[in-house]
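Visitor: This is the structure I have questions about; it appears just below.
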Amino acid sequence: MDAVDSMVDPLREFAKDSVRLTKHRHKLNRKEFPKVAARTAIGFVGFFFKLIFIPINNIIVGSG
């Protein structure tokens, strides 16, 4: 029974957290939206920068 509980408990906690998140969310106002949009855009730029330069770094440094 412990094996089943160890698999079910994380799923139960995730479900609780998801319900709590959906209940406490709010719509962004005009002041918050540009800040969130800018931070999201910076995150995407950083992600693609990292995505491009990891293979380039591996080529320069060599894998072995």
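Read the figures in this text as sums done on the coordinates, not as results from a lab. The structure displayed is predicted, hence computed values, not measured ones. Cβ atoms come from the backbone with ideal geometry, glycine included; neighbour counts cover every protein chain shown.
Visitor: Subtract the Cα-Cα distance of VAL19 and PHE48 from 0.36 nm times their separation in residues, and report this length gain in nm to one decimal.
Guide: Numbers: separation 29, 0.36 × 29 = 10.44 nm, distance 3.20 nm.
Full extension from VAL19 to PHE48 adds 7.2 nm.
Visitor: For the chain, which trypsin sites (Lys or Arg not before Pro) are in a loop by DSSP, counting at most 11 other Cβ atoms within 10 Å? Please report the intermediate quantities before stating the final value.
Guide: Numbers: sites: ARG12, LYS16, ARG20, LYS23, ARG25, LYS27, ARG30, LYS31, LYS35, ARG39, LYS50; in loops: ARG25, LYS27, ARG30, LYS31.
Loop-located and lightly packed - ARG25, LYS27, ARG30, LYS31.
Visitor: Only helical DSSP H runs with n ≥ 4 go in: add -39500 (n - 2.57) per run for the chain, normalise by residue count and round the 222 nm mean residue ellipticity to 500 deg cm²/dmol. If you can, show how the numbers build up before the last one.
Guide: On the way: 2 runs with 53 residues, N = 64.
After summing the helix terms and dividing by the residues of the chain, the value is -29500 deg cm²/dmol.
Visitor: So if I restrict to the alpha-carbon atoms in the chain, what is the Rg, and what is Dmax, the biggest pairwise distance, in Å?
Guide: For the chain, the Cα-based Rg and Dmax read 20.7, 52 Å.
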